[in-house]
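The values are calculated or read from the model by the stated rules, or taken from the named source; none is laboratory data. Remember, it's a predicted structure, so these values are computed and weren't measured experimentally. Ideal geometry is used to build each Cβ from the backbone, glycine not excepted, and the neighbour counts take in all protein chains shown.
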Amino acid sequence: MSNFAGLSTGYTALVAHRRRIDVISENIANINTPGYHRQTVELESLAAPKTIGFWAGKRDTGGGVNVRSISRAGSSLLEDNARQATSVADQMAVEEDVMLQIEDAVSGLSDRGIRAEFDSLWNAFDDLASLPEDLGVRRVTLERAEAVGRSLRSAAKSLNTLHLTQMATAEVQVSQVNELANSIAALDRQIIGGQASGAAPNGLIDQRDLMVSELSSLVDVSAVPESDGQVTITLDGFLIVGDGRSRPVSYEAQPAPLGDATGLSVAVLVGGDGRELTPGGGSLGGLIGAANNLIRHERQALDELAVFTANTVNAIHSSGAGLDGSTGHDLFEVTTGAIDIRISADLDGHPERLAAAQAGAGVLDESNARALAGLSEDPDGPSARVGHLIDTLSVRVSAAIARSEAAEKSADSATGLAEASGGVSLDQELTDLITAQRSYEAAARLITAADQMLQTLMTTGLVGR
Amino acid sequence: MSFRITDSRLNHQRTTRIEAGRRKLAKAEEQISTGRRFQRASEQPTDASKLLRHSRRLERVQQFKRNSENGRLWSDTADQALQSISREMTRARTLAVQGANETNGPEQLQTIATDIRAIADSLITLSNTKVLGRPVFGGTTDSSDAYASDGTYLGDFGVVRRTIDTGQVVGINSDGPDVFGVSSVGDPLTGDLFQTIRAMADAVEAGDTAEIRRGMESVDVAANRIASAEGRVGAVSQQLDSIDDRLAGEVISVGERVSKLRDVDLAEAVIRLSSAEASYKATLSATSRGLSISLLDFLR
């Protein structure tokens, strides 16, 4: 071993520990960077250089230390798990949000909600029965009937607006999916390039994985890491990122299916090959599901309620007679459903035509008004159906909330596990920092020692004089 | 296997815990300030459903109460009219007895007959007694009077009913012929009350004692009819009274149930609020302690 070996060993140690400190400072600097994975310096001892001549065959120490690689902490299995759990949680959160808005639209508990308007109508019919000759009471009764129509219309309109919002947001999110896929593919190309040049593109991988997480928060994608560092991403079997290239998906709003009276269009995600894709999860999955199912379901329930109410009330009303003896008028008019239920043109502005009397009975007979008021207690009447609609809705909303909470908890714990494997802990970094710093100091001391040894040899000794 | 605790995870957990505490506190505050146990049906679907059912019943019961009060108005009005009518009839009968006394001169008879005719007019007025503008003895007619001044019945035979509970209906009126008898073309003396009284006045004027006696018998029959009408009206009044009591009781009991389901128990809510407050404070203090600890504090 040469006299200079100590110097070079010390030098490798200085470089290696210097590198460790660099990496630790990188970790500390990025402690709050989203998607950042803790990096560690992997060290290896260097084999001693081959010796020849006098030293040959002697047992020898090694040649110092070398930085083998800078590795990136984290378990891809845990991260995959966290991504999927988050995707589900994001879907559930959108569904919860939409269900709460649906509940607001139908407003079961409010004093001016659909339920309250129906109750007021029945009571108005009873008041009409008490004072069938009073035009003021008749006008109030008509106004109550119109208020029932108005409450159904406004609930339906709110649902339509809600539907539009979901559709518009879904469209925006589809373009986000495409942009993310594009960026992921671009990063993949850089990662390949970086790896070819031998550098560890940990920062790029962090960025890419963060984007994959963002993507799976939008839709349920399956991301498979390839051996060359790239990822292959498929959405419902459709390849959107692979081999450094991305393929776009598109958004279509298709007209409502035949026989669907709501007239609400259907949001569809289409792959490049024209195949309809199921987003499966993520907020886009939630939005599309909400637009196509949740909101539509409630609109249909409202439509059925509107048509049923109109038919039931009209059947009784048209059999009766008004103050002017006219008979056969409908009270409500429905063209398609809840969106256009109103008092009929026959009755609008004609309170005297309200059929309080039974046809053929005295002008001030009130039995028809009483029959209409009696719908209130009919176990299969409109009011019972309103109650049923609100009950079902509130149970569905509370189930959606519970689902969302559970999904959020499980996403949270999955994210926690992933984070524990790849995140930065300040205390740990500080401890490592001290170790690295001490090691660096020791290496420096080593160089000093080697230098002094050489000096001893060259200046104070008699050798070479 | 134990996991590493990373700083961002710790921070996340801290914020989550603080948020949860804050939310619990806000919820307790909301309950107290709104006085409602829940703001949305989805918070307590079962209770909300019960609440909706009970409040619907409450509204209906209040309406039934209004209906029965309206019915009460009809029977009270009819009752008062019938009492006055009875009095007038007694007066007419007394006058007729005077007229039947054969000591009267023609002038006296003339005076008595005029008095009796005045009674007939006032009976017509009484028979047109109105409740909220409607003749109480006119059935379901829309004419403003039950009887014309000549005693013709203008009303119909419709029954006026009120719904006083689910599926429970009570008839609240008696029509004119029911109360005053049916008019007769051939023999006015045995016709309806007005015909009888007027015919009796004619008989008094003519001094026809036999006809006067026949008229008095007819008045007695009419009096019986009025009495039985009074009985019917009284029975309806009583029925409405007892129903009104029952409905008032139900308003209270259903109202209580509604309140129990809807309104917050203030004492309980305040306790919940202070416990939420205490746990929130504890979370904050624990978090603030954890936040300030790091290895950095101990490195020189």
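Before moving on, here are some points about what is shown:
- Of the residues screened, residue B:190 is not one that is farther than 24 Å from residue B:114 by Cβ and β-branched (Val, Ile, Thr).
- Per the listing A:183, A:130, the residue uniquely of a type in the set (Ser, Thr, Tyr) and within 30 Å of residue B:56 (Cβ to Cβ) is A:130.
- Of all the residues in segment B:163-174, those that are at the interface with chain A (Cβ under 10 Å from one of its Cβ atoms) and over 28 Å from residue A:377 (Cβ atoms) number 0.
- Checked against the criterion of being modelled with pLDDT of 90 or more and facing chain A (nearest Cβ under 10 Å), the candidates B:71, B:21 yield just one match: B:71.
- Among residues of segment B:146-162 being buried (at least 18 other Cβ atoms within 10 Å of the Cβ) and more than 16 Å from residue A:364 (Cβ to Cβ), the one that is nearest to the other protein chains (Cβ to nearest Cβ) is B:147.
- Selected residue (criterion: surrounded by the fewest Cβ atoms within 10 Å (Cβ to Cβ)) from residues of segment B:266-300 that are within 14 Å of another protein chain (Cβ to nearest Cβ) and of a type in the set (Gly, Ala, Ser): B:292
- In the condition set (1) touching a residue at least 60 places away in the same chain (Cβ under 8 Å); (2) part of a helix (DSSP H, G or I), residue A:132 is compliant with all but (2).
- Tally, over segment B:123-145, of residues that are out of contact with any strand residue (DSSP E or B) (no Cβ under 6 Å at 6 or more places or on another chain), more than 13 Å from chain A (Cβ to nearest Cβ), among the hydroxyl-bearing types (Ser, Thr, Tyr) and surrounded by 17 or more Cβ atoms within 10 Å (Cβ to Cβ): 1
- Here the condition is being within 24 Å of residue B:255 (Cβ to Cβ), over 18 Å from the mean Cα position of the chain (by Cα), in a helix (DSSP H, G or I) and within 10 Å of chain A (Cβ to nearest Cβ); of B:46, B:16, it holds for B:46 alone.
- Only a single item in (1) surrounded by fewer than 24 Cβ atoms within 10 Å (Cβ to Cβ); (2) modelled with pLDDT of 95 or more; (3) away from every other protein chain (no Cβ under 14 Å) is not met by residue A:158, and it is number (2).
- Only one entry of B:87, B:91, B:66 meets the criterion of being away from chain A (no Cβ under 14 Å), without any contact (Cβ under 8 Å) to a residue 12 or more places away in the chain and part of a helix (DSSP H, G or I), and that entry is B:87.
- Residue A:392 outside any strand (DSSP E or B), within 14 Å of chain B (Cβ to nearest Cβ) and surrounded by fewer than 22 Cβ atoms within 10 Å (Cβ to Cβ): yes
- Test: residue in segment A:192-203 that is part of a helix (DSSP H, G or I), crowded, with 24+ Cβ neighbours inside 10 Å and either away from every other protein chain (no Cβ under 14 Å) or not hydrophobic (A, V, I, L, M, F, W, C) (or both): no
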